[in-house]
1. If you count, for each residue, the other Cβ atoms within 10 Å and average over each peptide, how do 272-283, 146-157 line up from highest to lowest?
2. How high is the relative contact order of the range 40-155? Use alpha-carbon pairs under 8 Å, at least six apart in sequence, and give a whole percent.
3. Output wanted: per-residue J couplings in Hz (rounded whole) for the range 256-264, from phi through Karplus 6.51 cos²θ - 1.76 cosθ + 1.60, θ = phi - 60°, x for Gly and Pro.
4. For each cysteine in the chain, check whether another cysteine's C-beta sits under 4.7 Å from its C-beta; list those where none does.
5. Please order 233, 128 by the number of other Cβ within 10 Å, starting at the fewest.
6. With θ set to phi - 60° and the Karplus curve 6.51 cos²θ - 1.76 cosθ + 1.60, what are the ³J(HN,Hα) couplings of the range 93-100 in order, to the nearest whole Hz, using x for Gly and Pro?
7. Each residue of the range 164-169 in order: what ³J(HN,Hα) in whole Hz does its phi give by Karplus 6.51 cos²θ - 1.76 cosθ + 1.60, θ = phi - 60°, with x for Gly and Pro?
8. Quick one: which of 12/168; 12/179; 58/179; 62/115 span more than 30 angstrom between C-alpha atoms?
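Read the figures in this text as sums done on the coordinates, not as results from a lab. Values in this document were obtained by computation on a predicted structure and should not be read as measured data. Cβ: placed from backbone, ideal geometry, glycine included. Neighbour counts: every protein chain shown.
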Amino acid sequence: MTFLNSVELGAKGQRTLPAAAYCDATVFSQEQSAIFESRWVVAGVAAELAGPGAFMVKQIGKESILVVRDETGTIRAHFNHCRHRGTELCSEASGQLRRTIQCPYHAWTYGLDGKLVGVPDEDQMEDFCRADFGLHSAVCHEWDGLIWVNLNPQPEDFTNFIAPLVGKFTPWNLPQLVKLGERNYDVAANWKLIVQNYSECYHCAVIHPGLVRLSPPKSGGNDLVEGPFLGGFMDVTEPGGSLTCSGRACGAPVGDLTGDHSQRVYYYVLFPNVLLSLHHDYVMVHTLWPLAPDRTKIECVWLFHESSRDQAQWNPEEGIAFWDQTNREDWDICERTQRGVSSSRYEPGPYSNREAMAAAFDRYYLRIMQSPK
Ligand code: FES
Ligand SMILES: [Fe+2]
């Protein structure tokens, strides 16, 4: 595997995006349809849906999607409305269903797989066939512990889409990890400012004094440098250390991480809405949910090896608290950037070579927006 430092990659003289990309309601609406409603996005981590009936509701673009694990263990993604008169089915953000999904209006009842299984006074329905009125569904794949959903009626083939990542995260054992922490953030900044911020460490010495004590901001390199998946690694200075409040590992190794893997943190952007941070003792997953041009909901979960629950030996809270603090430092500067790019005098500024991956993200974003699916 070849890793190239961002300075070696270069920003190719690129400038930042125009103000409309961050502030314009029309651009926002185009993104919702061209990206979030048309491409593979991650709804969440599979560890959040522990068993049959566990569900989460996600706003993907303009659509409310009910993501639920069915009786066979398969994760399904249904459009969250009833086929009778269109009423919203689940109003909670997450929870546990029994064996069925029942509409709160006239009690039509669906199986977890989306089939219509019960209609009160069905004999009063004329020319009616239940099979015609199952829930509308979207394609859904549980892959390496992540739940991928695509609302496009003609979705890009998932196998082709995911091919560059196959095997890449295997050492971190993602499907077996358990969620031991979560934080939700409501950030007054465009979602792309958050991805750009995640994609460079030019800001780290200024914004993250705690982080740079543990991980040299100019260290590391990138192996995914163009396209929907971008990123690479940075070093951890302390032998066996990790990004935690104490600098020591806070959980059991998440997998068989030997050699370089145990002395690095890997950071990947999975376009459009995932920031995946792989430490040897935990994995942090951010999912981004654009709410408005200047507002993004960020869900952050921390995944650990099951044995990290052993409080005598491990303290997962040390990793969670470290990143909660670091996250807030990032969100604060992203909000300040949002306020700045809203100025009538803002104009695209030049990227440093140290921001090569942010520039690569912008290139891919522009490519997608210019050739919507
Ligand atoms: S709208 Fe759902 S049962 Fe009537
Ligand atoms: Fe940061």
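1. Sorting 272-283, 146-157 by mean packing, highest first, produces 272-283, 146-157.
2. Value for the range 40-155: 28 percent.
3. Each residue of the range 256-264 in turn: 8, 9, 10, x, 4, 4, 7, 10, 9 Hz.
4. Isolated Cys, the chain: 23, 90, 129, 140, 245, 250, 300, 334.
5. Working: 233 21, 128 11.
Result, fewest neighbours first: 128, 233.
6. 6, 6, x, 10, 8, 7, 8, 9
7. Result, rounded to whole Hz: x, 9, 4, x, 5, 9.
8. From 12/168; 12/179; 58/179; 62/115, over 30 Å: 12/179.
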